[in-house]
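The next block holds one structure in the form of structure tokens; read it before the comments.
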Amino acid sequence: MSTTEYMKNLMKDRSIASITPTSQAGVKEICGKMDFSKKAVVVEYGPATGVFTHYLLEHMTADSELTAIERNKNFARYLQENTDSDRLKIHRDSAENVADLIDQHGHSSVDYVISGIPFSLMSEYIEKEHREKDV
Ligand SMILES: C[S@@+](CC[C@H](N)C(=O)[O-])C[C@H]1O[C@@H](n2cnc3c(N)ncnc32)[C@H](O)[C@@H]1O
């Protein structure tokens, strides 16, 4: 996806919350903690343009599976059109529905969760919860 296209999505959807995708160095550092020598069931929240998705597909074993959950419809469509692997299942949905989504693929648990959801959104949610519940 071009930078202009990415920026257009960012302006419209505040849950993207980052002006650029994660760098290759960042992707490598995070995924470096994973064991790619064994079959694994992996979930990715918020893949956006797929920087982690592509790296994971490249390194995962042939019998591993990746479920990517992306809330933004343009990113979900872009990912669908720009990835070609039967190991990847893309859902345009919210991460909170992960249990139902992995269940659809016959899993009750997963080996790894890679989350692209910005902490800034989580803290807002937590603060809202705190305000509403007075905790
Ligand atoms: C900062 S971008 C990260 C993109 C990518 N993972 C990367 O590292 O470059 C955050 C992504 O999370 C998605 N997102 C935010 N909240 C989400 C949620 N509850 N469920 C699924 N995706 C979500 C946004 O649409 C956006 O694509």
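The values are calculated or read from the model by the stated rules, or taken from the named source; none is laboratory data. Note that the structure is predicted; figures quoted are calculated from it, not measured. Heads up, the Cβs are rebuilt from the backbone with ideal geometry, glycines too, and the neighbour counts pull from every protein chain shown. Just so you know, the surface numbers come from the protein's heavy atoms only, side chains and all, with ligands and any DNA or RNA stripped out. Shrake-Rupley method; radii C 1.70, N 1.55, O 1.52, S 1.80 Å.
Key figures
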quantity	calculated
Any hit, the stretch 42-55, residues being closer than 19 Å to ALA76 by Cα, out of contact with any helix residue (DSSP H, G or I) (no Cβ under 8 Å at 6 or more places or on another chain) and surrounded by 13 or more Cβ atoms within 10 Å (Cβ to Cβ)	yes
Odd one out for GLN80 among (1) within 12 Å of the ligand (Cβ to nearest atom); (2) under 15 Å from the mean Cα position of the chain (by Cα); (3) surrounded by fewer than 17 Cβ atoms within 10 Å (Cβ to Cβ)	(1)
Qualifying residue in the stretch 83-99 (condition: in contact with a His (Cβ under 6 Å, 6 or more places away or on another chain) and in a helix (DSSP H, G or I))	no
Residue among GLU58, GLU44 that is within 9 Å of the ligand (Cβ to nearest atom) and not in a loop (DSSP other than H, G, I, E, B)	GLU44
Scope the stretch 17-41; condition within 11 Å of the ligand (Cβ to nearest atom) and in a loop (DSSP other than H, G, I, E, B); matching residues	ALA17, SER18, ILE19, THR20, PRO21, THR22, SER23
Some residue of the stretch 86-94 being under 16 Å from the mean Cα position of the chain (by Cα), more than 13 Å from the ligand (Cβ to nearest atom) and surrounded by fewer than 17 Cβ atoms within 10 Å (Cβ to Cβ)	yes
The listed residue being within 14 Å of the chain's Cα centre (by Cα) and part of a loop (DSSP other than H, G, I, E, B), out of THR53, THR67, THR49	THR49
Whichever residue in the stretch 62-72 is open to solvent by 30 Å² or more (accessible area, probe 1.4 Å), at pLDDT 95 or above and not aliphatic (A, V, I, L, M) and, among such residues, is nearest to HIS105 (Cα to Cα)	GLU65
Unmet criterion (only one of (1) at pLDDT 95 or above; (2) closer than 20 Å to ARG92 by Cβ; (3) assigned to a loop (DSSP other than H, G, I, E, B); (4) open to solvent by 30 Å² or more (accessible area, probe 1.4 Å)) for ARG14	(1)
Tally, over the stretch 95-118, of residues that are open to solvent by 70 Å² or more (accessible area, probe 1.4 Å), more than 10 Å from the ligand (Cβ to nearest atom) and not small (Gly, Ala, Ser)	5
